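See structure below.
The values are calculated or read from the model by the stated rules, or taken from the named source; none is laboratory data. Quick caveat: nothing in here was measured; it's all calculated off a predicted structure. When we count neighbours, we look across all protein chains shown, and the Cβ atoms used for this are built from the backbone with ideal geometry, even at glycine. The accessibility values were calculated without ligands, DNA or RNA, using every heavy atom of the protein model including side chains. Shrake-Rupley method; radii C 1.70, N 1.55, O 1.52, S 1.80 Å.
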Amino acid sequence: MPAMEMTNPAVLPADWRDFVALTKPRVMSLVVFTGLCGLLAAPVQLPLVLGFTAILCIALGAGACGALNQWYEVDVDAKMRRTAKRPLPAGRMSRQSALHFGVGLGVFSVLLMGLATNWLAALMLLVSILFYVLIYTVWLKPRTAQNIVIGGAAGAFPPLIGWVAATGHVATLPILLFAIIFLWTPPHFWALSLFVRSDYAAAGIPMLPVVAGFESTRRQIFLYTLPMAASAVAPWLLGLTGPVYGVSAAVFSFVFLVLAGRVAANRATQPKDMEAEKHLFAYSVFYLFALFAVLVADRWLGW
Amino acid sequence: MVKVEDEIIRKRQRERARVMALLLGAFVILLFFITIAKTGMNW
């Protein structure tokens, strides 16, 4: 047997840690948190084990999305510094293993969700997985600069699924939670794509800064922040939450607007000069965590 | 070289089998408690 073939990592069985890496655990944490908040904000309290199972299914569904995304984008990931060390482009796992793992995880999560909670929640989980994989990854991402805008819907499903798992039906509040994440996604991702623009350009992904330039992207970030802020305070204005959530949402959104304004005013073209963009990206993650945490506190404590 | 390769393969297979066993065990326990919750028993 030639030495080259023996030392090729692809012929070895993949390490189990690489299967975990395939699920994008860091992305999953935000999905799990927003799903949990949707579940906890619902007026019906599920038995602990069923609530745990619902969140587990949302996490496994998100893991399936991550695995199938990496299976489909292996060539693109290999071209980007940020993603080149992932299990598939680094040659530590075969594409077939990733595909089987992703499909298996997705099917398992949907069936378990249906059996443990209700089939409407399972259907929503299935739709969100198919939306992420087929509409976002396969169709929109390589074709249009609006990929993040429409694709953001996939990431907005978890609080809606959490709510439906608890109650069995859709209501106004979870739709607003869906809207908040949907409108939060473009400023969040475009802030990131501004300072990793060269990576996206090298991989041929038509992200907005690559296609429309820095100035247009910065303007779009600020413009999308306005409806995002409006949707964040809407639950309070509609009387669905108390003043603690309302005031917190207004303050958090105001800070978001200020940071987005700094991004809009920035003229830098080199990543090292993009402190405003990096601050906005970091704050956007905190913003979503804080907003949903305050929502749950408001609903539970009845402030 | 082949021996080293074999050892790595065996080690990974052992580790994966162990993780799979743990996950299956956890799944069985989870199914048990889901069944209890769904049938309305309250311990």
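Key figures
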item	result
Of all accessible heavy-atom area on chain A, the percent that carbon and sulfur account for (1.4 Å)	70
Shielding score for B:19-26, defined as the mean number of other chain Cβ atoms within 10 Å	1
Rg followed by Dmax, in Å, when the stretch A:1-137 is reduced to its Cα trace	17.0, 64
Ratio Rg/Rh, restricted to the protein assembly as shown and using Cα atoms, in which Rh is the Kirkwood radius	1.01
Computed magnitude of the charge dipole of the stretch A:67-203 (debye, nearest 20; Cβ of K, R +1, Cβ of D, E -1)	420
Per-residue mean of C-beta atoms belonging to partner chains within 10 Å, peptide B:28-38	4
Per residue accessible area in Å² of chain A, where ligands, DNA and RNA are left out and the probe is 1.4 Å	43
Total accessible area lost when A and B pair, probe 1.4 Å, Å² to nearest 100	1600
The protein assembly as shown: calculated mean residue ellipticity at 222 nm from DSSP helix runs of at least 4, using -39500 (n - 2.57)	-25500 deg cm²/dmol
Isotropically averaged projected area of the stretch A:148-303, using the convex hull of Cα atoms (one quarter of hull area), nm²	9.1
Counting all C-alpha pairs of chain B, share separated by more than 11 Å (%)	70
Rounded accessible area of A:ARG197 (nearest 10 Å², 1.4 Å probe)	80
The stretch A:73-211 - Rg (one decimal) and Dmax (whole number), Cα, Å	16.8, 46
